[in-house]
Amino acid sequence: QGQPVASGGGDVQAGGSLRLSCTASKEIFDGYSVGWFRQAPEKDREFVAAIQWHGATHFADFVKGRFNITRDNKRRAVESDMNNLKPEDAAFYSCATGLLDEIKGNNARHWGQGTQVTVSS
């Protein structure tokens, strides 16, 4: 079963872009929604974006218009382009799979290890 694996974080200047990727095994990917969450130092974890099995997308207000999220069910992969990054976007980003209501409620069933995003002003 394993856990989702996130990649693609890094350092970028404000206004720049990064692409995050998330892959998972069949058991924890097929049929599930996939979500991105982030947590900055001394702050609570927050929901960022989610994509349902059939492709419907959901975003937190603070990333609408800047982030997107897509999935390839054959490759069991989700990608998210983060554009026009701001210093306040700097955080540890994790991907997870679960039911949509769980994810939008800032929770999930299968958590993966995340990736760090740093945005310099």
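Let's see if you can work this out: charge +1 on each Lys and Arg Cβ, -1 on each Asp and Glu Cβ, no other charges. What is the dipole magnitude of the chain about its Cα centre, in debye to the nearest 20?
The dipole of the chain has a size of about 280 debye.
In the stretch 1-36, which residues have a backbone nitrogen under 15 Å from the label point lying 7 Å from Asn106's Cα in the Cα-to-Cβ direction?
Of the residues in the stretch 1-36, 36 have backbone N under 15 Å from the label point off Asn106.
Looking only at Cα atoms, what is the convex hull volume of the stretch 34-121 per residue, in Å³?
96
Could you work out how much longer the chain between Asp72 and Ser25 gets when fully extended? Use 0.36 nm per residue separation minus the Cα distance between them, nm to one decimal.
Length gained between Asp72 and Ser25: 15.6 nm.
Just the Kirkwood number for the stretch 1-77, please: inverse of mean 1/r across all distinct Cα pairs, in Å, one decimal.
13.7
Kindly provide log₁₀ I(q)/I(0) values, in the same order as q = 0.14, 0.17, 0.28 Å⁻¹, from the Debye equation applied to equal alpha-carbon scatterers of the stretch 72-121.
For the stretch 72-121, the Cα-only Debye profile gives -0.47, -0.68, -1.12.
How much area per residue is accessible in the stretch 11-84 when the probe is 1.4 Å and only protein heavy atoms are counted (Å²)?
Accessible area per residue: 54 Å².
Place a label point 7 angstrom from the Cα of Asn83 along the Cα-to-Cβ direction, then list the residues of the stretch 41-73 whose backbone nitrogen is under 14 Å away.
Residues 63-70 qualify, since their backbone N sits under 14 Å from the label point.
Work out the count of Lys pairs in the stretch 4-121 where the Cα-Cα distance is under 24 Å, with the pair 8 or more places apart or on different chains. Don't skip to the end; give the middle numbers.
On the way: Lys26/Lys74; Lys26/Lys104; Lys43/Lys64; Lys43/Lys86; Lys43/Lys104; Lys64/Lys86; Lys64/Lys104; Lys86/Lys104.
Summing the qualifying lysine pairs gives 8.
Averaging sequence separations of C-alpha pairs under 8 Å and six or more residues apart, then dividing by the length of the chain, give the relative contact order as a whole percent.
37 percent.
Would you calculate, for the chain, the mean residue ellipticity at 222 nm contributed by helices, counting each DSSP H stretch of 4 or more residues as -39,500 (n - 2.57) and dividing by all residues, to the nearest 500?
Helices in the chain give a 222 nm mean residue ellipticity of -1500 deg cm²/dmol.
The values are calculated or read from the model by the stated rules, or taken from the named source; none is laboratory data. Since this is a predicted model, take the numbers as computed values, not measurements. Note that each Cβ is placed from the backbone with ideal geometry, even for glycine, and that neighbours are counted across all protein chains shown. The area values use the complete protein model at the heavy-atom level, side chains included, leaving out ligands, DNA and RNA. Shrake-Rupley method; radii C 1.70, N 1.55, O 1.52, S 1.80 Å.
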